[in-house]
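Input: a single structure, listed below in structure tokens.
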């Protein structure tokens, strides 16, 4: 875990954060940072945790929209110590705060999306165009870290500046290679993942931060229902 913190600290020490913030706003609240963490570190330390979490994958298929596997925050907490540590690392959260220029809070412990792994491991795995709607009082900021990108077909496509009426405007393809970091305002950025090809694999870590963790009773029920149906299944809140 000390190695991970050292890598984050080295990045902060060697980059102009104000320039990264300016770039984030120029690109309409999104930023891609290649080589945020060294690929060798990802392969040696984090990919084994990705494999270790494989028994907890919950796969979902929604025809015409989504086909992939997910591992929730609660399973990461017990089975992926370093991946979980990145989410809870204060200097990392503060770095994201400085880039997006907003005070951020961690998601409540019960939120399976707070830190989650998304597995694209079967041909055709994908997710259609969407934005990361917040059911909380505050906005939701999404941070993606590339872990495995053994695919030429499957990639993230972002649409900065797009709208609900035209969600696929200004396409920006992003290959989330090991160590690549993507930061965006989840309530604003439309994005999708293109279908996985044969004999390919892609795994990504998603981290979520909030500006206000308060949530209404109805929105809590709606969020739980969505997560159970679209992502983690009925066991998402169980200890393992």
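Every read-out reported here was derived from the displayed coordinates using simple, explicitly stated rules and does not represent laboratory data. Owing to the predicted nature of the structure, the values given are computational and were not obtained by experimental measurement. Neighbour counts run over all protein chains shown; Cβ positions are idealised from the backbone, glycine included.
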Per DSSP H run of at least 4 residues, take -39500 (n - 2.57); add these up for the chain, divide by its residues and hand me the 222 nm value, nearest 500 deg cm²/dmol. -8000 deg cm²/dmol
Roughly how many nanometres apart are two label points built 7 Å out from the Cα toward the Cβ at residue 222 and residue 5? 4.0
Starting from the exponent 0.38 and prefactor 2.2 Å, build the expected Rg for the chain from its residue count and divide its actual Cα Rg by it. 0.94
Alpha-carbon centroids, the range 85-121 and the range 131-148: separation in whole Å: 8
What does the range 98-226 give for Rg and for Dmax, in Å, if only its C-alpha atoms count? 15.0, 44
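Sort 197-209, 178-190, 34-46 by the packing proxy (mean of other Cβ within 10 Å over each peptide's residues), most packed first.
On the way: 197-209: 19.8, 178-190: 21.5, 34-46: 16.2.
Top to bottom by mean Cβ count within 10 Å: 178-190, 197-209, 34-46.
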Inter-probe distance in nm under a simple model that places probes 7 Å from Cα toward Cβ, at residue 121 and residue 213: 3.1
Ordering of 88-95, 24-31, 140-147 by packing [mean C-beta count within 10 Å, highest first]: 140-147, 24-31, 88-95
Using a Förster distance of 22 Å, how high is the FRET efficiency between residue 187 and residue 88, based on the Cβ-Cβ distance and rounded to 0.05? 0.45
Once R0 is set to 22 Å, what does the formula 1/(1 + (r/R0)^6) return for the Cβ-Cβ distance between residue 175 and residue 23, expressed as a FRET efficiency to the nearest 0.05? 0.75
